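The values are calculated or read from the model by the stated rules, or taken from the named source; none is laboratory data. Here the structure is a predicted model, which is why all the values come from computation and not from measurement. Virtual Cβ from ideal backbone geometry, glycine too; neighbours counted across all protein chains shown. Only protein heavy atoms, including side chains, enter the accessible area calculation; ligands, DNA and RNA are left aside. Shrake-Rupley method; radii C 1.70, N 1.55, O 1.52, S 1.80 Å.
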Amino acid sequence: DIQAGGARADLAISKVATGSTIMLAMADLAMSGQITGEGPSDWKQREQWKRSGWEPNSIKIENEDGSTSYYGVRGMEPFSTPIMLASNMVEILKESDIGDEDQAAEAAWVAAIMAVSNQVVSQQYMSGISSFFEMMSDSKRHGQNWTNRLASAVIPTGVAEITKAMDPYARTAYNMGQTIRRRTPGLSKDLPYNTDVWGRPISYRSDIGGLYDALSPIYVSSDKKQEPIDKELNKLEKY
């Protein structure tokens with residue numbers, strides 16, 4: 001279109017300029033920590049952050065009482081697409097060992113590819129395909145988890161959300177039967193809790209309330225419930 005000249009070229013250039021401006025603005029927000037990507041590659045560090053209220057692929061909001069809330073944007077396409085692409089690119093570049101200009105250009109190109117990959121694989125369909133091939137590559141290790149996810153598909157998402165509203169705690173399921181119970185209203189409460197590293201039950205309930213959690217697809221996390229030891233570990237960067 002640019003080579004064609006005229007109105008087609010003007011429109012194409014405008015699209016490129018608009019897209020670049022949006023991505024740069026999103027990247028600036030990611031650099032300042034106001035939007036998050038997938039997080040650090042070190043899973044221990046990532047779990048430590050999550051215990052402190054941080055959530056991946058989210059918008060960070062400072063509340064009037066001094067606390068911080070994270071609003072998940074995954075699933076809110078197309079709005080979430082530039083946010084997740086920009087934030088993941090920034091995080092990948094932060095972990096890259098960049099020297100001269102050639103290395104910087106290569107790192108930016110690799111970061112862009114990986115960010116797009118993260119975005120594509122995060123979609124529900126591609127996530128299912130990815131987990132299927134993971135299971136086929138090592139069925140002894142991943143087979144049980146895959147069959148549990150397959151069993152969870154039997155219960156519609158809407159019904160599972162009702163279950164979550166009635167019982168906001170994460171529950172452990174070791175087989176297909178327990179997985180179905182975990183997503184069925186009234187049957188999940190007999191299953192054992194999932195707990196964090198400090199032995200606390202993991203709750204899906206946000207500070208906004210159960211009605212919001214039942215009706216809204218946007219997951220909300222807050223730093224209000226973090227333990228003092230987590231604050232100190234974050235300061236010391238110990239995971």
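Brief remarks on what is shown
- Criterion violated by GLU106 - all others in (1) at pLDDT 80 or above; (2) in a helix (DSSP H, G or I); (3) more than 13 Å from the chain's Cα centre (by Cα) satisfied: (1)
This table checks each residue for (1) within 27 Å of TRP49 (Cα to Cα); (2) in a loop (DSSP other than H, G, I, E, B); (3) modelled with pLDDT under 75; (4) under 20 Å from the mean Cα position of the chain (by Cα).
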| position | (1), (2), (3), (4) |
| --- | --- |
| VAL159 | no, no, yes, no |
| LYS164 | yes, no, yes, yes |
| GLY177 | no, no, yes, no |
| ASP190 | no, yes, no, no |
| TRP198 | yes, yes, no, no |
| ALA214 | yes, no, yes, yes |
| SER221 | yes, no, no, yes |
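- Members of the range 48-67 that are surrounded by fewer than 16 Cβ atoms within 10 Å (Cβ to Cβ) and more than 21 Å from ALA27 (Cβ to Cβ): ASN63, GLU64, ASP65, GLY66, SER67
- Enumeration of residues in the range 166-188 that are within 24 Å of SER221 (Cβ to Cβ), open to solvent by 60 Å² or more (accessible area, probe 1.4 Å) and out of contact with any helix residue (DSSP H, G or I) (no Cβ under 8 Å at 6 or more places or on another chain): MET166, TYR169
- Unique residue being within 25 Å of VAL220 (Cβ to Cβ) and either charged (D, E, K, R) or open to solvent by less than 80 Å² (accessible area, probe 1.4 Å) (or both) when the list is GLY5, GLY19, GLY72: GLY72
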